[in-house]
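Worksheet for the structure shown next.
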Amino acid sequence: MTDASQPVQSILFLCTHNSARSQMAEGLLRALGGDRFDVNSAGTQATHVRPLAIRAMAELGIDISSQTSKRVERYLDRPFDAVITVCDHANETCPVFYGARQRLHWSFPDPSQATGTEAEQLAVYRQVRDAIRGRIERELLAVSDPAASEEPNRLVARQANRSDAVAIARIYNQGIEDRIATFETEPRSTTDIERLFAERADCYPMIVIERRGEIVAWAGAGSYRARPCYEPIAEHSVYVDRNQRGTGAGQAALETLCAEAERLGFLKLVSRIFPENAASLALHRKVGFREVGVYRRHGKLDGEWRDCVIVEKLLGDAVED
């Protein structure tokens with residue numbers, strides 16, 4: 001939720017061709033910063049948005065396919081809180097913005113110069129994307145959040161809603177990329193997460209954890225089996241942002257999910273965890289889950305068999321005396 005007392009910050013990202021780095025920066029800040037920012041991007045030349053930039057952003061659930069490449073001249077008369085160049089050439093040739101309060105330079109390598117296979121080139125786009133995201137989080141989002149300097153490590157748990165879909169997709173896709181949390185291999189889009197909300201409606205809990213106003217973890221539950229006798233049982237998942245693992249965010253998400261599931265009348269939460277995912281197994285033990293057994297060769301991931309550890313936690317009236 002936006003604090004009405006905090007003015008919207010106007011940001012312009014610049015690079016030479018407005019085709020990759022500045023486009024990804026625009027999409028990231030718009031998705032992560034919401035209505036706290038008025039975001040635009042431009043180039044000293046106008047070309048097109050590169051397909052691999054679109055693909056790299058789609059992996060985070062952020063769609064920049066409708067963004068267009070624009071020349072910087074259209075913004076010269078506009079006031080900005082910050083004009084940020086994201087390539088060295090644009091920094092050297094950037095015109096003077098008399099209405100800009102700040103002129104910043106963030107130097108990132110040009111992913112369009114990557115060579116090799118398409119997969120190898122996409123990996124470079126991912127690296128640049130993540131580097132841009134880090135700068136945005138540290139230098140724009142944290143600074144714009146008045147609570148950041150007061151309570152930098154405070155975790156806030158709340159019910160998830162549809163406006164959280166971008167952040168949930170981003171964190172979910174990190175788990176998919178890591179190949180240690182799920183059998184899923186295709187990245188989830190924001191639309192996929194919104195569809196998940198629609199399917200589960202008010203029947204199952206979904207929790208997000210925030211730090212400094214940004215979502216750093218989420219946990220959700222869904223149907224276990226279709227038979228009526230299994231209605232009080234829910235299957236759950238927990239995902240934590242790569243940069244927030246080991247900070248207590250996962251524990252906060254799982255504990256809150258258990259409490260909310262119990263409030264809704266569920267009697268058990270269950271999940272399946274890869275044996276290699278030691279951090280998740282340790283988290284579930286800490287929150288009171290029991291390891292029931294192991295499904296051997298439960299499925300193939302990237303062509304290789306994977307086992308799954310079955311975990312459960314009893315809730316409400318099912319808790320044994």
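The amide H of Y224, built 1.01 Å from its N in the peptide plane, has E235 as neighbours under 5 Å, considering only residues 5 or more places off or on other chains. Residues whose amide H comes within less than 5 Å of that of M206, counting only those at least five positions distant or on another chain, are A160 (H built at 1.01 Å from N in the peptide plane).
By DSSP, the beta bridges lying fully in segment 175-321 are antiparallel in about 90 percent of cases. Remark: the Cα gyration tensor places segment 155-318 in the rounded category, a/c being less than 1.5. Derived scalar couplings between HN and Hα for segment 286-301 equal 4, 8, x, 7, 9, 7, 7, x, 10, 7, 7, 6, 7, x, 9, 10 Hz in order, rounded to whole Hz, by the Karplus curve 6.51 cos²θ - 1.76 cosθ + 1.60 (θ = phi - 60°), x for Gly and Pro.
Beta bridges from DSSP with both residues in segment 9-144: antiparallel share about 0 percent, rounded to the nearest 5. Karplus-based coupling profile of segment 35-45, in residue order and whole Hz: 7, 7, 10, 9, 10, 9, 9, 7, x, 5, 10, with θ = phi - 60° in 6.51 cos²θ - 1.76 cosθ + 1.60 and x standing for Gly or Pro. Diagonalising the gyration tensor over the Cα atoms of the chain and scaling each eigenvalue by 5 before taking the square root yields semi-axes of 41, 22, 16 Å, largest first. Largest first, the three principal axis extents of the alpha carbons in segment 37-80 are 35, 25, 13 Å in whole numbers.
What does the charge count around A53 come to, taking other residues whose C-beta lies under 9 Å from its C-beta (Lys +1, Arg +1, Asp -1, Glu -1)? Write down the numbers at each step before the final one.
Details: positive: R21, R50, R55, R129; negative: none.
Within the 9 Å Cβ shell, the charges total +4.
For V216, nonlocal amide neighbours, meaning residues 5 or more places apart or on other chains whose placed amide H falls under 5 Å from its own, are I209, E210, R211. Seen from F108, the other residues with C-beta closer than 12 Å to its C-beta sum to a net charge of +1, counting Lys and Arg as +1 and Asp and Glu as -1.
Counting 0.36 nm for each residue step from D178 to R162 and taking away their Cα separation leaves a gain of 3.3 nm. Distance from the alpha carbon centroid of segment 247-316 to that of segment 193-231 works out to 14 angstrom. Projecting the Cα atoms of F108, S65, F37 onto the charge dipole of segment 9-144, computed from C-beta unit charges around the Cα centre, puts F37 farthest toward the positive end.
In the chain, the calculated helix contribution to ellipticity at 222 nm averages -9000 deg cm²/dmol per residue, counting -39,500 (n - 2.57) for every DSSP H run with n ≥ 4.
Computed from backbone phi with θ = phi - 60° and the Karplus coefficients 6.51, -1.76 and 1.60, the 3J(HN,Hα) list for segment 263-269 is 4, 7, x, 6, 10, 7, 10 Hz; x is used for glycine and proline. Taking the Cα centre of segment 9-144 as reference, the dipole from Cβ charges on Lys and Arg (+1) and Asp and Glu (-1) amounts to some 160 debye. Structure remark: mean-square fluctuation, Gaussian network model of the chain, C-alpha springs under 10 Å; the largest value among Q251, Q45, Q23 belongs to Q45. With a simple spin-label model that places each label point 7 Å from the Cα along the Cα-to-Cβ direction, the separation between S65 and W305 comes to 3.9 nm. Looking at the chain, the DSSP beta bridges with both ends there are about 65 percent antiparallel.
Throughout, read-outs are computed from the coordinates displayed, never taken from laboratory work. Source: prediction; values computed, not measured. FYI the Cβ positions are ideal-geometry reconstructions off the backbone, even for glycines, and counts take in every protein chain you see.
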